[in-house]
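For reference, the structure discussed in these notes is given below.
The values are calculated or read from the model by the stated rules, or taken from the named source; none is laboratory data. Note that the coordinates shown come from a computational prediction; the quantities given were computed from them, not determined experimentally. Quick reminder, even Gly has a Cβ in these numbers, built from the backbone with ideal geometry, and neighbours come from all protein chains shown.
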Amino acid sequence: MPDRLTALLRADTGGTPVIELEGEIDRDAEGPLFAAWEQVPAASARVVLDFGRTEYINSSGLAILVQLLARARAEGREVHVVGLTDHYREIFEITRLVDFVTLLPDARAIA
Amino acid sequence: MTTIGHAFRRVVRRPQRAADAPRAEIATATPTAAMPAVEIGEHDPLLPYLQSASGAVDVDALQLESSALRELRSAGVKLVIPLVTHGELIGTLYLGPRLSDQDYSADDRRLLENLAAQAAPALHVAQLVQEQEAEARERERFEHELQVAQLIQQHFLPLTLPQPPGWSVQAHYRPARAVGGDFYDIVERPDGTVAFAVGDVTDKGVPAAMVMAATRSVLRAAGQDEARPAELLARVNDLLQADMPPRMFVTCLYGVLDPATGHVRFANAGHNLPIVRTAGGADELRATGMPLGLLPGMRYVETDAQLRPGDQLVLHSDGIAEAHGTGREMFGIPRLREVLAGAASGDRLLGDVLDALRAFTGPDWEQEDDITLVSIAWHSGGLLTSFEVPSEPGREREAMRRVADAVAPLGLPGGRLEKLKTAVAEATMNAIEHGNLNRPEVPVLVTAGVEGADLVVRIRDEGGDRPIAITETPDVAAKLAGEQSPRGWGLFLIQQMVDRLRVTSDGRYHTAELVVHLEETRHA
């Protein structure tokens, strides 16, 4: 089955690593997501997850995001989140994931 | 006063016993010629005399102005032995002349008095048993009559109710113990319309049941070729009035519904008004007229109402509105309307009303009158879609998209639609993985439809024989600390995304029912 998620690492203008998540975050997201995370420079204390092109997140995808946040915490890194639709932003609130990331107001703010 | 009344009751009963008791005893004393029984009148002075006599009484020697005494003498009675137990005269023993023609000796008298002293309590017991048996027979007769009335009543209630496409027709009927005269009838007419009637016969028991049966039959027969409710009630009134027992009449609400358009025409013969429950509340539909069977030539007025999808027509009888609460206040129409306005829609509405009634009357309530409740509900739009997806990972997206397409005409606001999509996807994932164990050949059935004021999506798998795993409420902090699995979000998400999640199992199927209140959506 082809990956439904493309996770591409780039850096924003300020040099902060940004992982662009394009497609669907479900049980198959683990590989691409963690592969991108591996490429984050060791010195980066802050990583941005950009959901601007994410179409779908399900409960399995949430579980993988939780694993990613656990890893970030272990590595002493902050995770910033940008580009969530209103719906997924609400899900981040309902699940209290917002308490463990920093929500940035808009994708353009870091572009 | 009590003592005097009690004593008097005994005196009144005594003559019958005095008349019954002697016959056999006389036959013993004179085996060849039975004597006629002599009754001692209620006010005869012989009664108090015998009551207080200390033993055998010599009839010829007794000085008393008593017609009974004269009768005894002329019947040839020589000795009267009172049968007294616990101070109560319960019978008498009459003896004719001795067969030897000699007078009764002192020994004879002693023997007879001993016999009387022993016979009296035994006779008293026998009398009590007889009385109890008579009472039991009377009770049995009453119970039997009750059963007959119930049988008649039940026989004339419909066994099945018509269910026009897009509609749900339900009835609840609970007779009071003493059988009132409630009835209801709902039949599909040859032209596809649905005729409905709810009525109440005054009086109770077998007579009411008979009138109820007659009324239902006449209504049904007349309804075959008369679709105009007012004309029908007028005709039924004339037919019933001729044969109606005095002081009896029948209230009846009769109507005809066109399920294709939701148009209702009805007329009322003194019955409780129908209530229409809409998204905006519950209102009575006005219509008045004389009850059936009182006067000939009555005319009724046809009223009509236009139901809309999602509306629910409720018919009811006195048993609800006139039920008394613990504080003796009545349930009343305003409260019924209030309950209906706030009740769940569709098939759960009647249950909600009965729950409210139970809460109002308290658990020890003895039902005062028959209770009849009929609900005729129009699903708004009805079933929107029904499809199956194979149990393969990822197929939940298909279910999500198809439900989203099917509910598009409802115009759910974007946020509500996104939430529903997430809930449908999660529930379908659960069904695929946990219900059907990822076996592609076992399908997940998904249906979506409007039921009353709700959008209901049902997702059914075939894991109904396995208990549903109870998952702990997800806690991100615990998950990040490794104290809880990072998974386990599904059920929690569904619960947060819809207004209600109901999960049922029936041994084979396991169904998750997702409910979205459409009205809240519109107001949101």
Checklist entry - Say we look at the range B:463-502 and pick out the residues that are in contact (Cβ under 8 Å) with a residue 60 or more places away in the chain and of a type in the set (Val, Ile, Thr); which of these is nearest to the other protein chains (Cβ to nearest Cβ)? => result B:494
Next on the checklist: Please count how many residues of the range B:368-409 are part of a strand (DSSP E or B) and closer than 30 Å to residue B:329 by Cα.
Outcome noted: 6
Checklist entry - Looking at the range B:174-189, which of its residues are at pLDDT 85 or above and either surrounded by fewer than 19 Cβ atoms within 10 Å (Cβ to Cβ) or under 18 Å from residue B:312 (Cβ atoms) (or both)? => result B:174, B:184, B:186, B:187, B:188, B:189
Next on the checklist: So, residue B:416, is that one surrounded by 21 or more Cβ atoms within 10 Å (Cβ to Cβ), in the same structural domain as residue B:515 (by TED's automatic domain parsing) and either of a type outside the set (A, V, I, L, M) or at pLDDT 90 or above (or both) or not?
Outcome noted: yes
Item to check | Search result, residues across the range B:65-118 that are part of a helix (DSSP H, G or I), acidic (Asp, Glu) and over 60 Å from the mean Cα position of the chain (by Cα) | outcome: B:107, B:108
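From the list B:161, B:146, B:157, B:151, which residue is within 15 Å of the chain's Cα centre (by Cα), of a type in the set (A, V, I, L, M) and under 30 Å from residue B:310 (Cβ atoms)?
Unique residue meeting the criteria: B:157.
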Item to check | Matching residues in the range B:16-44 - criterion: being surrounded by fewer than 17 Cβ atoms within 10 Å (Cβ to Cβ) and either in contact with a helix residue (DSSP H, G or I) (Cβ under 7 Å, 6 or more places away or on another chain) or at pLDDT 90 or above (or both) | outcome: B:34, B:37, B:39, B:41, B:42
Checklist entry - Any chance the range B:470-479 includes a residue that's under 22 Å from residue B:499 (Cα atoms), in contact with a helix residue (DSSP H, G or I) (Cβ under 7 Å, 6 or more places away or on another chain) and of a type in the set (Asp, Glu)? => result no
Checklist entry - In the range B:341-364, what residues are closer than 13 Å to residue B:331 by Cα, surrounded by fewer than 21 Cβ atoms within 10 Å (Cβ to Cβ) and not β-branched (Val, Ile, Thr)? => result B:354, B:355, B:356, B:358, B:359, B:360, B:362
Checklist entry - Could you say whether any residue in the range B:360-383 is within 26 Å of residue B:492 (Cα to Cα) and under 43 Å from the mean Cα position of the chain (by Cα)? => result no
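Condition check ((1) modelled with pLDDT under 90; (2) closer than 30 Å to residue B:272 by Cβ; (3) within 14 Å of chain A (Cβ to nearest Cβ)) across all residues:
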{"residue": "B:375", "(1), (2), (3)": "no, yes, no"}
{"residue": "B:386", "(1), (2), (3)": "yes, no, no"}
{"residue": "B:390", "(1), (2), (3)": "no, no, no"}
{"residue": "B:400", "(1), (2), (3)": "no, no, yes"}
{"residue": "B:423", "(1), (2), (3)": "no, no, yes"}
{"residue": "B:444", "(1), (2), (3)": "no, no, no"}
{"residue": "B:449", "(1), (2), (3)": "yes, no, no"}
Checklist entry - Which of (1) loosely packed, with under 14 Cβ neighbours inside 10 Å; (2) among the charged types (D, E, K, R); (3) without any contact (Cβ under 8 Å) to a residue 40 or more places away in the chain does residue B:441 not meet, given it meets every other one? => result (3)
Checklist entry - Regarding residue B:52, is this residue among the polar types (S, T, N, Q), assigned by TED's automatic domain parsing to the domain that holds residue B:113, closer than 25 Å to residue B:124 by Cα and loosely packed, with under 15 Cβ neighbours inside 10 Å? => result yes
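Hey, among the residues in the range A:56-92 that are acidic (Asp, Glu) and more than 10 Å from chain B (Cβ to nearest Cβ), which one's nearest to residue A:6 (Cα to Cα)? Explain how you work it out, then say what you get.
Quick first cut of the range A:56-92, residues acidic (Asp, Glu) only: A:75, A:78, A:86, A:90.
From the residues that got through so far, the ones that are more than 10 Å from chain B (Cβ to nearest Cβ) too are A:75, A:78.
Details: A:75: 23, A:78: 22 Å.
Top of the filtered list is A:78.
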